[in-house]
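Below: the structure, in structure tokens.
Only the coordinates and a few stated rules stand behind these numbers; no lab work does. For clarity, every value in this text was computed on a predicted model and none was experimentally measured. Methodologically, a virtual Cβ is constructed for each residue, glycine included, from the backbone with ideal geometry; neighbour enumeration extends over all protein chains shown.
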Amino acid sequence: MTALPTASRIRRAVLPVALCAGLAAGLTACASDPDEGTNGVGKLEATAIEQKAQTAADAAKAVRLAGTLVSKGGTYKLNMRLKQDGASGSVTTKNSTFELLRIGEALYLKADAGFWAHDEGASDGKANGGSASGGAASEAPTESDSEAADKLDDKYVKVPQDDPSYKQLRGFTDMDLLLDGLIGLHGDVVKGDRDKIGGIRTVKVKGGEDGEGGTLDVALEGTPFPLQFARGGGAGVVVLSEWDKDFPLEEPSKDQTLDYGKQLPRT
């Protein structure tokens, strides 16, 4: 009569089989296609991925751009919603924060009195008949400077198109200009690691092996939009979201708008 195997012998025999099955399943998972369920962009060469991202950005109608830019002129923290015919949002510098609103070519600047009181010189423009002081810059604003700052406080000030600051401020609201300057890589483009930005899978493309020419995260889900750009040399990181999501742009009410005159104070 053949003796039946004991329970302990059965467990010893089954355990290696179970371990092997689990290991095989793990190896099968590891060998699966990492691009399964994606838009397929991750399979492309680095230059083709960059081109796909650029093409998607060029065709987009709107985007939110948020992050920090470091330049010779200083450090700027941006949170802007942009589209072809305008923009709205805020810009923060070392000393102040101001809001920008552009509808077509009409550009409005909104800031508190402290922002306007920091002007380094005055203009001979007028705010609803109130004049800013003239003359050289001083350590503290004169009484008329202070009065002008109070009038400008928390108002939408229309920036004259011939004002020296118009072009610079408008640049923060120009979708094409900002994107062209922010998602272009420099140097030989190489493919980097996979990542996630805002819960969306991405593939990185870098300018140079170490990303000294910038690093761009491109979406692997849906349209291959650029979702993040890290500028080379630690010159800032911006996140790009809400692609093609339209948003309203409305002229500020008359009681919240002030036409300063021909030229704003230099801030």
Between Glu105 and Asp58, take the C-beta separation as r, use R0 = 25 Å, and let me know the FRET efficiency to the nearest 0.05.
0.70
Separation of the Gln84 and Leu177 label points, Cα + 7 Å toward Cβ, nm:
1.8 nm
Enumerate the residues in the stretch 157-198 having an amide nitrogen under 16 Å from the point lying 7 Å beyond the Cα of Ala48 toward its Cβ.
189-192
Between Asp255 and Glu36, what FRET efficiency comes out of the Förster formula 1/(1 + (r/R0)^6) with R0 = 51 Å and r the beta carbon distance, rounded to 0.05?
0.35
Taking 0.36 nm per residue of sequence separation and subtracting the Cα-Cα distance, how much length would be gained by fully extending the chain between Asp150 and Asp246, in nm to one decimal?
31.1 nm
